[in-house]
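S.K.: Please find one structure pasted underneath; my questions will follow.
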Amino acid sequence: MHTPIPRALAVVLSATVLGPGLWATAYAQTQKLRPGLWENSVTMKSQSGQLEAAMAQMQKSMASLTPAQRKQMEQAMAQQGVSMGPSGNTVKVCISPEQADLDRIPAQEGCTQNVQRTGPNAVAMTFSCKGTQGQPPTTGEGTMTFQGPTAYTGNFKVKTTSNGKPEQIDMVQNGKWLAADCGAIKPVR
């Protein structure tokens, strides 16, 4: 049986990895993406409420761990640049100088994207990701607005399947550049 907890993480990671790649594609015409460490904050709301229930269950499971187990889990997630909180999730990604120079930074494997500029600081996009590792395919659309080379905001509607039923997830994403040095976080490939 498909559990929504891994799907929730997959959607978070897909969106946060796709976001900077889409931004670089669309914004490279007038200004290059600043290389370095980025933090992407994502808030999601599902139509069915299953995503929120799964996230609440995950938070409850984390709270029931011993302090040592919780610390180990948080450290493992932090090494991947992921942190989860009651009001949203963040993922840190590294964009290399070489990637920043490309017109199109690769997104998550198995995803395609179409980006169209709608104004000097805005783009509209659609994307499609093949299902992987037991996860269903995902499609979506959204808009992003840039506040210069170090910040953006975006709104997305993601369509997927949860427990065999169609599901829509509304996401609000904010990205901000943190530093030129990515530390232990590897560039998105």
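The values are calculated or read from the model by the stated rules, or taken from the named source; none is laboratory data. On a predicted model such as this, the values are computed, not experimentally measured, just so you know. Note: ideal-geometry Cβ built from the backbone for every residue, glycine included; neighbour counts use all protein chains shown. Protein only, heavy atoms only, side chains kept; ligands, DNA and RNA dropped before computing areas. Shrake-Rupley method; radii C 1.70, N 1.55, O 1.52, S 1.80 Å.
S.K.: Within the set Lys130/Lys159; Lys45/Lys159; Lys45/Lys165; Lys130/Lys157; Lys60/Lys92; Lys71/Lys130, which residue pairs have Cα atoms separated by over 22 Å? Don't jump to the answer; show the numbers that get you there.
M.R.: On the way: Lys130/Lys159 12 Å; Lys45/Lys159 12 Å; Lys45/Lys165 16 Å; Lys130/Lys157 17 Å; Lys60/Lys92 24 Å; Lys71/Lys130 33 Å.
Over 22 Å Cα-Cα: Lys60/Lys92; Lys71/Lys130.
S.K.: Here's a follow-up. Over region 113-179, what percent of the accessible surface lies on carbon and sulfur atoms, probe 1.4 Å?
M.R.: On the way: 1780 of 3390 Å².
Looking at region 113-179 in its full context, I get 52 percent from C and S.
S.K.: Ala179 versus Lys45, label points 7 Å from Cα toward the beta carbon: distance in nm?
M.R.: Label-label distance for Ala179 and Lys45, simple model: 3.5 nm.
S.K.: FRET efficiency for Glu141 and Gln69, Cβ-Cβ distance as r, R0 = 35 Å, nearest 0.05?
M.R.: On the way: r = 39 Å, r/R0 = 1.12.
Once rounded, the FRET efficiency stands at 0.35.
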